[in-house]
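Report on the following structure.
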Amino acid sequence: MTDAKNWDVDTAADVLLAAEKQRRDRGPITAEWPGLDLPTAYQVQRQLIDKKIAAGETVIGVKLGLTSRAKQERMGIDSPLTAVLTDGYRLEADVPLRLDEFIHPRVEPEIVFVMRKRLEGPGVTAATALDAVESVHAGLEVIDSRYIDFKFTLADVVADNASSARFVVSATAVSPKSLDLALEACALSINGTVIDTATGAAVQGHPAEALALAANDLAQRGEAIEPGQIVLTGGLTDAVFVHRGDQIGAKFSTLGSVSLTAV
Ligand code: OOG
Ligand code: MG
């Protein structure tokens, strides 16, 4: 250890925010602060979000991470997690993804919910969760771990707000009533070549199970999913690295398409 910091929740949040701002990756915090357990990591995440709010950002939703086997296997972590979405992460459709704003961005396709009703755990089931949904959308999430080579423990990645960087949601809103989301298919392409495919069942068997999981997990920290909020249910496939000039597309069977151009 070269830098013997007095680690606490506030220091960790500052270190992660600085890494994001300066686009400089670092080693996992748990290597320097073994006391960073999961409850403390969620406190770091909350502190990091509170600092973003103090700087003018607004909370607009929740995301799930590591809900699919593809993601869990790649990251070597078998437990899902939740993180917070602010408007600072939101990318409007047709706005290019500027690679100079990131460290080592990767993109993953996700099924996205917009909420109609408040969803508060514990005890939320997939059926109650789906009943609280206003609309379903196609989404792409850009993740950009503040840790070198995306190497982290569960506590590290929770503290880092689950590698959140950007996300884009399709404008097309589909009613959840008309869909079988477990069978909703997605093809991820780069420059017109399909490189991976999955169905909604990839995330916890059904995206509504992932939504229920988020509500129940948030309840442990006294939080709920609010009406109007956006919920990213987790990468359906492994995330892919993005290079300058890439056109990344996620085409869904009924949700439509969403794309990003990297510049
Ligand atoms: C953690 C973020 C996970 C997802 O959808 O699984 C995530 C990471 O893979 O760096 O956003
Ligand atoms: Mg994701």
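Check ASP94 against each of (1) closer than 27 Å to ALA219 by Cα; (2) surrounded by fewer than 19 Cβ atoms within 10 Å (Cβ to Cβ); (3) among the acidic types (Asp, Glu) and name the one condition it does not meet.
The one condition ASP94 does not meet is (1).
Of everything in the range 132-152 that's within 14 Å of ligand 1 (Cβ to nearest atom) and among the acidic types (Asp, Glu), which residue is surrounded by the most Cβ atoms within 10 Å (Cβ to Cβ)?
So the residue we want is GLU141.
Considering only residues of the range 102-119 that are within 16 Å of ligand 1 (Cβ to nearest atom) and part of a strand (DSSP E or B), which is farthest from SER145 (Cα to Cα)?
PHE113
Might you let me know whether the range 225-242 holds any residue that is outside any helix (DSSP H, G or I), free of Cβ contacts under 8 Å to residues at least 40 places away in the same chain and out of contact with any Pro (no Cβ under 6 Å at 6 or more places or on another chain)?
Taking every residue of the range 225-242 in turn, none turns out to be outside any helix (DSSP H, G or I), free of Cβ contacts under 8 Å to residues at least 40 places away in the same chain and out of contact with any Pro (no Cβ under 6 Å at 6 or more places or on another chain).
Does the range 47-54 contain any residue that is within 17 Å of ALA214 (Cβ to Cβ) and of a type in the set (A, V, I, L, M)?
yes
Give the residues of the range 54-75 that are aliphatic (A, V, I, L, M) and exposed (fewer than 14 other Cβ atoms within 10 Å of the Cβ), sorted by residue number.
Selection gives ALA54, ALA55.
If I ask for residues that are touching a helix residue (DSSP H, G or I) at 6+ places or on another chain (Cβ under 7 Å) and either part of a strand (DSSP E or B) or of a type in the set (A, V, I, L, M, F, W, C) (or both), which ones from the range 168-182 would you list?
Of everything in the range 168-182, those that are touching a helix residue (DSSP H, G or I) at 6+ places or on another chain (Cβ under 7 Å) and either part of a strand (DSSP E or B) or of a type in the set (A, V, I, L, M, F, W, C) (or both) turn out to be LEU181, ALA182.
Quick check on the range 31-38. Is at least one of its residues surrounded by fewer than 16 Cβ atoms within 10 Å (Cβ to Cβ), assigned to a loop (DSSP other than H, G, I, E, B) and among the acidic types (Asp, Glu)?
yes
Under 8 Å between Cβ atoms, which residue pairs at least 6 apart in sequence (or on different chains) link something in the range 148-161 that is within 14 Å of ligand 2 (Cβ to nearest atom) with a partner that is hydroxyl-bearing (Ser, Thr, Tyr)?
Sorted first by the residue in the range 148-161, then by its partner, the pairs are PHE150/SER163; VAL157/SER145; VAL157/TYR147; VAL157/SER163; VAL158/TYR42; ASP160/SER145; ASP160/TYR147.
Name every residue in the range 153-197 that is farther than 25 Å from ILE248 by Cα, buried (at least 24 other Cβ atoms within 10 Å of the Cβ) and in contact with a Pro (Cβ under 7 Å, 6 or more places away or on another chain), in order of residue number.
Of everything in the range 153-197, just one residue is farther than 25 Å from ILE248 by Cα, buried (at least 24 other Cβ atoms within 10 Å of the Cβ) and in contact with a Pro (Cβ under 7 Å, 6 or more places away or on another chain), namely ASP156.
Among the candidates ALA210, ALA198, ALA165, which residue alone is within 16 Å of ligand 2 (Cβ to nearest atom), closer than 18 Å to ASP238 by Cβ and assigned to a helix (DSSP H, G or I)?
ALA210
For the range 65-88, which positions are hydroxyl-bearing (Ser, Thr, Tyr) and near ligand 1 (Cβ under 8 Å from one of its atoms)?
Across the range 65-88, the qualifying residues are THR67, SER68.
Readers should treat all values here as calculations from the given coordinates under stated rules, not as data from a laboratory. Just so you know, these numbers come straight off a predicted model, no measurement behind them. So basically every Cβ, Gly included, is an ideal-geometry build from the backbone, and we count neighbours across all protein chains shown.
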